[in-house]
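The values are calculated or read from the model by the stated rules, or taken from the named source; none is laboratory data. Keep in mind that this is a model prediction, so the values were computed, not measured. Reconstructed Cβ throughout: ideal geometry from the backbone, glycine too, with neighbour counts over all protein chains shown. Ligands, DNA and RNA are stripped out before the accessible areas are found, and what is left, the full protein with its side chains, is counted by its heavy atoms. Shrake-Rupley method; radii C 1.70, N 1.55, O 1.52, S 1.80 Å.
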Amino acid sequence: MKTNVGRIDKIARILIGALLIVLALTGTIGAWGWIGVIPLATGLLNTCPLYALLGISTCKNHR
């Protein structure tokens, strides 16, 4: 897949995903916090399948 996640988007996804996972591990928000795996993975991989389907890109050099 092509890169479609820009720098700021990537940082936000990683931070939010990690925070949700930590909160789930501590029992603060319950099991639904494991949804944080999705933004964490898309941030680490620099690609978002939903962005690709919708034709969105936050990456400056996307064509």
Tell me the angle of helix 7-25 to the major Cα principal axis of the chain, expressed in degrees between 0 and 90 and rounded to the nearest ten.
20 degrees
Below 8 Å, C-alpha to C-alpha, sequence gap of six or more: please give me the relative contact order for the chain in percent.
49 percent
Residues Val22 and Leu53, FRET efficiency given R0 of 35 Å [Cβ-Cβ distance, rounded to 0.05]:
0.75
What does the highest-first list of 44-55, 6-17, 21-32 look like by mean Cβ count within 10 Å?
6-17, 44-55, 21-32
So what is the diffusion coefficient of the chain in µm² per second by Stokes-Einstein at 37 °C and 0.692 mPa s, using a Kirkwood Rh over Cα pairs?
274 µm²/s
Å² of accessible area per residue within the chain, as computed with a 1.4 Å probe and no ligands counted
72 Å²
Under a plain spin-label model, where a point goes 7 Å from the Cα along Cα-to-Cβ, how far apart in nm are Leu15 and Ile38?
2.1 nm
Residue-averaged 222 nm ellipticity for the chain, from DSSP H runs of 4+ at -39500 (n - 2.57), nearest 500
-16500 deg cm²/dmol
